[in-house]
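Student: Sending over a structure as structure tokens; questions will come in a sec.
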Amino acid sequence: MDRAVNDATLVKAGDIFQYYIALRDCFKMKKGDKIQIEINGDVSLISDKSNVSFQREVKHHFGISNLSDRDVEFWKTLSNWYMDFDRIKLFSHLILHTTSGLSSKSSFYEWNDKKPVEKIKILESIGKINKEKEVTFRSYYNKIFSKDLFDEGKLLNILERFTIEFKQNNITAISEEFSSYIGHIPENNRDNYIGALLGRIISLIKEPPHCWEITKEGFDEILQQESPAYSNPNLKPFPNEFSEKKIPEQKVKILEQKNFVSAIRTIEYDNQIANAVSDYWKTEMTLVKYFTDDFLYLNSLSSYKDELQNQLSYTKEEKILLCEDMERREVIKHSKLLYLGVMKWNAIDFGSIVGNQGYFQRGIIHTIVDENEFSWDVGEGNEY
């Protein structure tokens with residue numbers, strides 16, 4: 001398909017792939033371990049056992065690619081380690097993890113079996129050849145081998161720990177690597193389960209001290225919290241894809257013309273419209289993507305909606321009784337209190353769906369209002 005000039009999808013795929021690798025490494029942690037993302041490099045394991053710690057640089061490619069002698073991903077990785085040597089001293093393994101293959105004609109062929117002195121000779125032999133277009137390669141090469149910077153002992157130390165994991169699964173196949181860790185999850189729920197865990201890992205950045213780091217104990221807690229919703233093959237986890245999405249501006253103007261917005265304006269509660277529109281849109285997007293063709297989702301929705309409508313009716317009836325003989329100003333106040341109380345309802349699971357979200361329940365309620373099945377005005381029909 002044609003892509004926009006500023007389309008960053010392929011770049012972002014590399015970032016997401018990195019998170020998948022970090023998540024996979026989380027499953028391998030032992031007591032006392034912790035995984036870091038983007039603190040000492042792409043993915044790092046800090047361990048009480050000094051011989052298992054690693055710093056892994058993750059490189060992703062779509063399609064077929066091979067690691068060339070002057071490949072940026074190799075030389076940038078090596079030069080970064082060399083220039084930031086003090087930071088990576090604590091790691092017993094330095095790993096270049098790449099989806100690129102490695103030709104038998106490559107200078108890096110059987111790299112992991114070679115001694116550090118042999119690796120230096122390989123690097124020097126590559127650098128001895130001058131080419132017309134080599135600005136990028138030469139800049140990284142010179143950061144290591146220039147007379148002012150070269151430290152053979154430092155480089156030997158790095159090369160002794162430096163291995164290449166080549167021809168690794170790319171993002172389209174990475175989920176296969178989780179099968180040995182999540183056998184307790186039914187196969188039809190596994191992708192959603194991995195997605196939920198991935199979301200939890202990524203969201204760590206929101207909390208102080210705002211760094212991507214998770215301990216073995218912290219990861220176990222996440223597993224305990226997420227697993228129940230995905231362990232029963234007859235249950236479907238709520239699809240939470242749109243929870244953090246922002247509604248497009250052009251869509252706001254369209255939705256502001258709908259009945260559910262008019263119902264909010266009727267009780268003079270305009271400062272609630274923005275949130276209502278956002279919840280309605282997120283719910284609409286979720287319904288279109290997940291509830292249209294999936295029997296378990298769709299079959300659960302109708303009874304859920306009916307139950308919410310009944311609860312709304314009973315709650316409003318109580319307010320109507322309280323507002324008998326009140327002036328319009330007081331009726332508006334109680335209408336607003338009705339609205340606030342309903343919006344504060346805890347989201348309940350329904351049918352086969354577990355893990356329901358507040359925005360979705362509020363969005364379904366706005367849908368009920370939009371279909372003229374309910375209104376917020378507890379003085380409706382009275383003359384003032």
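The values are calculated or read from the model by the stated rules, or taken from the named source; none is laboratory data. Every value quoted in this text rests on a predicted model; they were computed, and no experiment measured them. In this analysis, Cβ positions are derived from the backbone assuming ideal geometry, glycine residues included, and neighbour counts consider all displayed protein chains. These accessible areas exclude ligands, DNA and RNA; they are computed on the full protein's heavy atoms, side chains included. Shrake-Rupley method; radii C 1.70, N 1.55, O 1.52, S 1.80 Å.
Student: What dipole magnitude, in Debye to the nearest 20, does the chain give about its Cα centre under +1 on Lys/Arg Cβ and -1 on Asp/Glu Cβ?
Tutor: Details: 50 positive and 60 negative charges, 378 e Å.
Its charge dipole is roughly 1820 debye.
Student: Moving to a separate point now. Beyond 15 Å, what percent of the Cα pairs of the stretch 37-84 remain? Don't jump to the answer; show the numbers that get you there.
Tutor: Numbers: 638 of 1128 pairs.
In whole percent, the share of Cα-Cα pairs in the stretch 37-84 beyond 15 Å is 57.
Student: Still on this model: Given a cut-off of 22 Å, what percent of all Cα-Cα pairs of the stretch 46-188 lie beyond it?
Tutor: That fraction is 45 percent.
Student: In addition: Of the labelled options (1) 35, 21, 19; (2) 57, 22, 19; (3) 47, 21, 18, which one gives semi-axes √(5λ) of the Cα gyration tensor in Å as computed for this structure?
Tutor: (2)
Student: Quick check: with the 1.4 Å probe, what order do ILE254, ILE46 take by accessible area, largest first?
Tutor: The most accessible residue leads, giving ILE254, ILE46.
Student: Round to a whole number: what % of the accessible area of the stretch 225-304 belongs to carbon and sulfur, probe 1.4 Å?
Tutor: Carbon with sulfur: 49 percent of the solvent-accessible area.
Student: A follow-up question, please. Please report the antiparallel percentage of the DSSP beta bridges confined to the stretch 10-131, to the nearest 5.
Tutor: So the antiparallel bridges in the stretch 10-131 amount to around 50 percent.
Student: Restricting to bridges with both residues inside the chain, how much of the DSSP beta-bridge set is antiparallel, in percent to the nearest 5?
Tutor: Details: 12 of 25 bridges.
For the chain, the DSSP antiparallel bridge percentage is about 50.
Student: Rank TYR359, ILE267, PRO116 by how far each Cα sits towards the positive end of the charge dipole of the chain (+1 on Lys, Arg Cβ; -1 on Asp, Glu Cβ) and give me just the farthest.
Tutor: PRO116
Student: Tally up the carbon and sulfur contribution to the accessible surface of the stretch 15-103 as a whole percent, 1.4 Å probe, everything protein left in place.
Tutor: Answer for the stretch 15-103: carbon and sulfur cover 49 percent of the accessible area.
Student: At 0.36 nm per residue, minus the direct Cα-Cα distance, what do PHE150 and TRP345 gain on full extension? Give it in nm, one decimal, please.
Tutor: Full extension from PHE150 to TRP345 adds 63.7 nm.
Student: For the chain, what is the accessible area per residue in Å² when the probe is 1.4 Å?
Tutor: Numbers: 21130 Å² over 384 residues.
Heavy-atom SASA per residue in the chain reads 55 Å².
Student: Oh, and also: Express in Å², to the nearest 10, the accessible area of ARG265 obtained by rolling a 1.4 Å probe over the protein heavy atoms while all chains stay in place.
Tutor: Around 100 Å² of this residue is reachable by solvent.
Student: Could you work out how far apart the two model spin labels at LYS89 and SER243 are, taking each label as a point 7 Å from the Cα in the direction of the beta carbon, and quote it in nm?
Tutor: Label at LYS89, label at SER243, 4.2 nm between them.
Student: Based only on the alpha carbon positions, what is the Kirkwood hydrodynamic radius of the stretch 252-331, in angstrom? Could you put the intermediate results ahead of the total?
Tutor: Details: mean 1/r = 0.0660 Å⁻¹.
For the stretch 252-331, inverting the mean 1/r across all distinct Cα pairs yields 15.2 Å.
Student: Over the stretch 47-128, what lengths in whole Å, largest first, do the semi-axes of the equivalent ellipsoid take, defined as the square roots of 5 times the eigenvalues of the alpha-carbon gyration tensor?
Tutor: On the way: eigenvalues 100, 55, 32 Å².
Semi-axes (√(5λ), whole Å): 22, 17, 13.
Student: Trypsin sites (Lys or Arg not before Pro), restricted to the stretch 326-384: which are DSSP loop and have at most 13 other Cβ atoms within 10 Å?
Tutor: Filter output for the stretch 326-384: LYS344.
Student: Right, something else. Which of these, GLU187, GLU177, GLU134, has the largest mean-square fluctuation under a Gaussian network model of the chain (Cα springs below 10 Å)?
Tutor: Of GLU187, GLU177, GLU134, the Gaussian network model singles out GLU134 as fluctuating most.
Student: Moving on to the next point. Return the FRET efficiency for the residue pair GLU217, PHE27: r is the Cβ-Cβ distance, R0 is 22 Å, and the value is rounded to the nearest 0.05.
Tutor: 0.95
Student: Label points 7 Å out from Cα along the Cβ direction at GLN257 and MET285: separation in nm?
Tutor: 2.2
Student: Right, next: Among ILE158, THR283, VAL252, which residue has its Cα positioned farthest towards the positive end of the charge dipole of the chain, with +1 placed on the Cβ of Lys and Arg, -1 on the Cβ of Asp and Glu, and the dipole taken about the Cα centre?
Tutor: Result: ILE158.
Student: Using Cα-Cα distances under 8 Å and only pairs 6 or more residues apart, what relative contact order does the stretch 58-120 have, in percent? Walk me through the intermediate numbers first.
Tutor: Working: 41 pairs, mean separation 31.2, N = 63.
Relative CO of the stretch 58-120 lands at 50 percent.
Student: Using helices alone, what [θ] at 222 nm do you get for the chain, with -39,500 (n - 2.57) per DSSP H run of 4 or more residues, divided over all residues and rounded to the nearest 500?
Tutor: -15000 deg cm²/dmol
Student: Here's something else I'd like to know. Quick one: dipole size for the stretch 239-384, taken about the Cα centre, charges +1 on Lys/Arg Cβ and -1 on Asp/Glu Cβ, in debye to the nearest 20. Can you show the working numbers first?
Tutor: Working: 17 positive and 25 negative charges, 112 e Å.
With only Lys, Arg, Asp and Glu charged at Cβ, the dipole is about 540 debye.
Student: Here's a follow-up. Can you list the lysines whose alpha carbon is less than 23 Å from that of LYS319, not counting same-chain residues fewer than 8 positions off?
Tutor: LYS305, LYS333, LYS336, LYS344
Student: Given Cα pairs under 8 Å that are at least 6 residues apart, what percent is the relative contact order of the stretch 78-214?
Tutor: 35
Student: Using a 1.4 angstrom probe on the protein heavy atoms only, line up TYR181, TYR314, TYR269, TYR193 by accessible area, largest first.
Tutor: TYR314, TYR181, TYR269, TYR193
Student: Also, I was wondering about something else. Find how many whole Å separate the alpha carbon centroid of the stretch 118-151 from the alpha carbon centroid of the stretch 314-384.
Tutor: 70
Student: Could I ask something else about it? Percent of Cα-Cα pairs per 10 Å bin, from 0 to the last occupied bin, for the stretch 269-384, please list those.
Tutor: 13, 43, 29, 12, 3
Student: Just check the stretch 98-159 against the gyration tensor rule for me: Cα atoms, a ≥ b ≥ c as the square roots of the eigenvalues, rounded for a/c under 1.5, and otherwise prolate or oblate depending on whether a/b exceeds b/c.
Tutor: Oblate shape, in that a/c is at least 1.5 and b/c is the bigger or equal ratio.
Student: Compute the relative contact order of the chain as a whole-number percentage, counting only Cα pairs closer than 8 Å that sit 6 or more residues apart in sequence.
Tutor: Values: 476 pairs, mean separation 57.6, N = 384.
The value is 15 percent.
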